[in-house]
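Q: Starting off with a structure, shown below.
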Amino acid sequence: MLRAGDPIGERIGKALLPSMSFLCLWMAFAAAAQKFPDKPVRLIVPFPAGGPLDNVVRPFAPRLAEALGQPVIVDNRPGAGGAIGANIVAKAPADGYTLLWGSAGPVAINVSLYRNTPYDPVKDFAPVTQTVATQIILVLNAALPPQSVKELIAYAKARPGQINYASPGNGTSPHLAMELFKHMAGIDLLHVPYKGGPLAMTDLLAGRAALMFIALSSALPHVHTGKLKALAVATPKRAAAMPDLPTMSEAGVPGYDASSWHGVLAPAGTPKAVIAHLNGVLLQVLRNPDVRAAMLLQGAEAAGSTPEQFGTYIRAEIAKWANVIKVSGTTVD
């Protein structure tokens, strides 16, 4: 029989302490997962209402609320290329009730583009899942003669620095997609940044800008009316909404990939059980036919991944865009 003060009993007790501590921690996590969520969940969208990101989130959020059994509050917090909204989530309590509907800009690009990004996209977030793969396409004002990417490259090489392209602003995904195209195709184009996509589109349609990369959903109406020529999609596979449109690789720039995406992230330190629960619910919603159809109307395709897969993808995206920013010399004011 073990008695108080018995050296053997003390050693056994000390040996059991780590296991008991782990058990207590595990039980706390399990309890948190079982009751999660028991209040509304706030989904931070780091861009303005009515923009491409917001237009995908709006039909998605009600379905997510149904699956979670709690209201989902869409909270638009735009500014600084998405950094303001992303930083709110990075600094939020790690309990799963404040989530980021992120994209390449605030999650993969800002860290290389801005000198003092207030968060670390790897250390300060816990990836939950990639939700959406969106398509941006290369469009050309219909008055210009090129009919293909190869013809555009030849046309630009004959006029170095004379052809201007529009973008929604310095450091945006469409801007960097064009810089990647310039680098891989060996052409010189003049960048004209605008304060947002609508202003850039206005000048493109008017012929004051020659070309740009733009969200497929924004370009489709003008392609159908013949005001713009769609030359290629920036992703490695063709877009479901325009299956006849070639990829940039197919059109003459092998290996080109300027994929655009959305994904959900939680603050770092959120319990793994909560992350797993959120991942399962999000994947369930992404399989919903109505959700998938609504996304296609916005030129987006439902994705879905494990937290680990999404984390690996984010790190690869950070490295890719860091290289594009370095090669292009892109800066922001």
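Read the figures in this text as sums done on the coordinates, not as results from a lab. None of these values were measured; they are calculated from a predicted model. A quick note on method: Cβ atoms are made from the backbone with ideal geometry, for glycine too, and the neighbour counts reach across all protein chains shown.
Q: Between V192 and E66, with labels modelled 7 Å along Cα→Cβ, what's the label distance in nm to one decimal, could you check?
A: 4.6 nm
Q: Taking only complete DSSP H runs, can you tell me which helices of the chain stretch 15 Å or more along their own long axis by Cα positions and average at least 0.0 on the Kyte-Doolittle scale?
A: For the chain, where a helix must reach 15 Å along its axis and average at least 0.0, the hits are 7-35, 52-68, 173-185, 272-286.
Q: Using a 7 Å offset from the Cα along the Cα-to-Cβ direction at both M184 and N288, what is the distance between the two label points in nm, to one decimal?
A: Result for the modelled spin labels: 3.5 nm.
Q: Also, quick follow-up: Could you work out the relative contact order of the chain? I mean the mean sequence separation of Cα pairs under 8 Å and 6+ apart, divided by the number of residues, in percent.
A: Values: 621 pairs, mean separation 86.5, N = 333.
About 26 percent, as a whole number.
Q: Stokes-Einstein diffusion coefficient for the chain at 25 °C in a medium of 0.890 mPa s, Rh from the Kirkwood formula over Cα pairs: what value in µm²/s? Mind dumping the intermediate values first?
A: Numbers: Rh = 21.5 Å.
Approximately 114 µm²/s, per Stokes-Einstein.
Q: What does the C-alpha gyration tensor say about the overall shape of segment 70-141? Classify as rounded when a/c is under 1.5, otherwise prolate if a/b is larger than b/c, or oblate.
A: Details: a/c = 1.93, a/b = 1.33, b/c = 1.45.
It comes out oblate by the Cα gyration axes.
Q: A further question on this structure: Using Cα pairs closer than 8 Å and at least 6 residues apart in sequence, work out the relative contact order for segment 146-219, in percent. Each step should come with its number before you reach the end.
A: Working: 94 pairs, mean separation 26.9, N = 74.
Relative contact order for segment 146-219 comes out at 36 percent.
Q: Reachable lysines from K123, Cα under 17 Å, same-chain residues fewer than 8 places away excluded?
A: Within the straight-line cut-off, K123 pairs with K91, K272.
Q: In addition: Let's test the formula: R0 of 41 Å, r as the Cβ-Cβ distance of A206 and K237. What FRET efficiency results, to the nearest 0.05? All intermediate terms of the calculation are to be shown ahead of the outcome.
A: Numbers: r = 32 Å, r/R0 = 0.79.
Efficiency, rounded to the nearest 0.05: 0.80.
Q: Figure the gain on full extension for D75 and V327 (residue separation times 0.36 nm, minus the Cα-Cα span) and round it to one decimal in nm.
A: 87.2 nm
Q: Could you name the aspartates and glutamates whose alpha carbon sits less than 14 Å from that of K320, not counting residues in the same chain fewer than 8 places away?
A: Those aspartates and glutamates meeting the cut-off are E179, D257.
Q: Say a paramagnetic label sat at a point 7 Å from the Cα of D257, along Cα to Cβ; which residues of segment 275-310 have their backbone N under 20 Å from it?
A: Taking a point 7 Å out along Cα→Cβ of D257, the residues of segment 275-310 whose backbone N falls under 20 Å are 300-310.
Q: Give me the extension gain from A316 to I84: residue separation times 0.36 nm, minus the current Cα-Cα distance, reported in nm with one decimal.
A: Numbers: separation 232, 0.36 × 232 = 83.52 nm, distance 2.29 nm.
Stretched fully, the A316-I84 segment lengthens by 81.2 nm.
Q: First measure r as the distance between the Cβ atoms of Q147 and K91, then evaluate 1/(1 + (r/R0)^6) with R0 = 41 Å and state the FRET efficiency to the nearest 0.05.
A: Values: r = 50 Å, r/R0 = 1.22.
Computed FRET efficiency for Q147 and K91 comes out at 0.25.
Q: Could you give P(r) for segment 201-250, binned at 10 Å from zero, as whole percent values over all Cα-Cα pairs?
A: Distribution as computed: 25, 55, 20, 0 percent.
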